[in-house]
1. What is the sum of charges, Lys and Arg at +1 and Asp and Glu at -1, for the other residues whose Cβ falls under 14 Å from the Cβ of Thr48?
2. Across the Cα atoms of the chain, what radius of gyration and what greatest pairwise Cα-Cα distance (Dmax) are found, in Å?
3. How big is the dipole moment of region 15-98 about its Cα centre under a simple scheme where the beta carbon of each Lys and Arg is +1, that of each Asp and Glu is -1, and everything else is neutral? Debye, nearest 20, please.
4. Output the 0 to 90 degree angle, nearest 10, between the alpha-carbon long axis of helix 28-42 and the longest principal axis computed from the alpha carbons of the chain.
5. Set Lys and Arg Cβ to +1 and Asp and Glu Cβ to -1, take the dipole of the chain about its Cα centre, and tell me which of Leu21, Gln88, Ala106 lies farthest positive.
6. Below 27 Å, Cα to Cα, which lysines can Lys24 reach? Residues fewer than 8 away in the same chain don't count.
7. Quick one: work out the % antiparallel among DSSP beta bridges in the chain, nearest 5.
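Only the coordinates and a few stated rules stand behind these numbers; no lab work does. Quick caveat: nothing in here was measured; it's all calculated off a predicted structure. Every residue, glycine among them, receives a Cβ derived from its backbone with ideal geometry; neighbour counts consider all protein chains shown.
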Amino acid sequence: MTSNTNLTASSSTQLGLFVRLESKPGKEVEVENFLRGGLALVNAEPATSVWFALRLGQSTFGIFDAFPDEAGRQAHLTGKVAEALFAQAAELFSQPPLVEKVEILAAKLLG
């Protein structure tokens, strides 16, 4: 693979987060409902360009979101979604949420 210095991701999607969540047994529906409810909170974040709540398996969930810059990513990490996530982590998840910072190499977005 050759190195390409041109960023092909949209300017609104250069940086991201991938959060892996493992629900406690019997808490899968609660985790799903929690994630669905997170959309209302993230809609109030102007620097969050893209946000997805994911189901990766029977008890494994995830969140993927993207930001135009590090300031937007940090605002999200200290915002209401993150606050709610970590406030309910002990109740809903079998292990702490695994938050990974990612760099978006390429993206296709409508609009």
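1. -2
2. 14.8, 46
3. Numbers: 7 positive and 10 negative charges, 30 e Å.
Computed about the Cα centre, the dipole is about 140 debye.
4. 40
5. Ala106
6. Hits, sequence-local ones excluded: Lys80, Lys101.
7. Numbers: 21 of 22 bridges.
Beta bridges within the chain, antiparallel portion: roughly 95 percent.
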